[in-house]
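Structure first, commentary second.
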Amino acid sequence: YSVGRTGCWAVGDDYGRPFNGFFATQFPEGAPPSTAAVMSQQFGVQFPAGTNPTDVIAVYPTQLYETIMGFVMFAILWRFRKHAQLPGWLFGLYCILAGIERFIVEFFRAKDDRIVIGFSTAQIIGIAILTIGVALVAVRTKRAGPVATA
C-alpha cells in the first residue's frame, strides 16, 4: 500500500486541500493539475474573488502522508505476523489500521463529498472497515481456558 501511494505522488493525483505550510506541494501537471479552476470546479474549493483560474495552488501532499502511514502499518503488521492468535486476527488488525489511516488522511484531501456530520464517504467507509477489524480481532483472539478453582 505504501509503495503504491508513491505512484499517486508521481502522477500528482489524490492530493490535498490548499496548504501553505512546510510540505506544501504544487502539481502543475497533476492528474488533474492543482490549479484554482480545477480545485474550484472538481473539489468545491472557494478562492478569493479575482483569483486567476490558471494559478497553480500549493496543497497538502496527502500521497506522502499515506505513504508514511502505509509504511507504519506495514511495520506494525510485520511485528505481529507471528502473533499467536487465531487465523484472521492479523487481517483484523490490518482493517483497524487501514480504517484509521483512511479516516485521518481524508481530513486533508481535496474533496467535496462530505455527507454525514462533515465526514466524507471515504471516512464513513474507514469507520466501517475499522469496526469490522475490531470485531475480527475480538472474535479471533485466543482466550485463556477456564480458570480452575480450588
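Could you grab me the full set of residues in segment 120-150 that are outside any helix (DSSP H, G or I), modelled with pLDDT of 75 or more and open to solvent by 50 Å² or more (accessible area, probe 1.4 Å)?
Once the filter is applied, which keeps residues that are outside any helix (DSSP H, G or I), modelled with pLDDT of 75 or more and open to solvent by 50 Å² or more (accessible area, probe 1.4 Å), segment 120-150 yields only Lys142.
What number goes with the only condition from (1) open to solvent by 60 Å² or more (accessible area, probe 1.4 Å); (2) more than 27 Å from Thr25 (Cα to Cα) that Arg114 does not pass?
The failed condition is (2).
Determine which member of the set Phe71, Phe107, Phe91 is closer than 27 Å to Cys8 by Cβ, of a type in the set (Phe, Trp, Tyr), part of a loop (DSSP other than H, G, I, E, B) and open to solvent by 70 Å² or more (accessible area, probe 1.4 Å).
Phe107
Of the residues that sit in segment 42-62 and are among the polar types (S, T, N, Q) and over 15 Å from Lys111 (Cβ atoms), which one is surrounded by the most Cβ atoms within 10 Å (Cβ to Cβ)?
Thr51
Please list, ordered by first then second residue, the pairs with beta carbon atoms under 9 Å, 6 or more apart or interchain, first in segment 27-55 and without any contact (Cβ under 8 Å) to a residue 60 or more places away in the chain and among the charged types (D, E, K, R), second surrounded by 15 or more Cβ atoms within 10 Å (Cβ to Cβ) and part of a loop (DSSP other than H, G, I, E, B).
Glu29/Gly12; Asp55/Phe47
So Val116 ticks every box in (1) over 20 Å from Gly7 (Cβ atoms); (2) touching a Leu at 6+ places or on another chain (Cβ under 9 Å) but one. Which box is left unticked?
The number of the failed condition is (2).
Name the single residue that is least open to solvent (accessible area, probe 1.4 Å) among those in segment 5-26 being more than 21 Å from Gln46 (Cα to Cα) and either β-branched (Val, Ile, Thr) or touching a residue at least 24 places away in the same chain (Cβ under 8 Å) (or both).
Across segment 5-26, the extreme among qualifying residues is Cys8.
The values are calculated or read from the model by the stated rules, or taken from the named source; none is laboratory data. It should be emphasised that the depicted structure is a prediction, and the values quoted were computed from it without experimental measurement. A quick note on method: Cβ atoms are made from the backbone with ideal geometry, for glycine too, and the neighbour counts reach across all protein chains shown. Remember, those area values only see protein heavy atoms, side chains included, never the ligands or the DNA or RNA. Shrake-Rupley method; radii C 1.70, N 1.55, O 1.52, S 1.80 Å.
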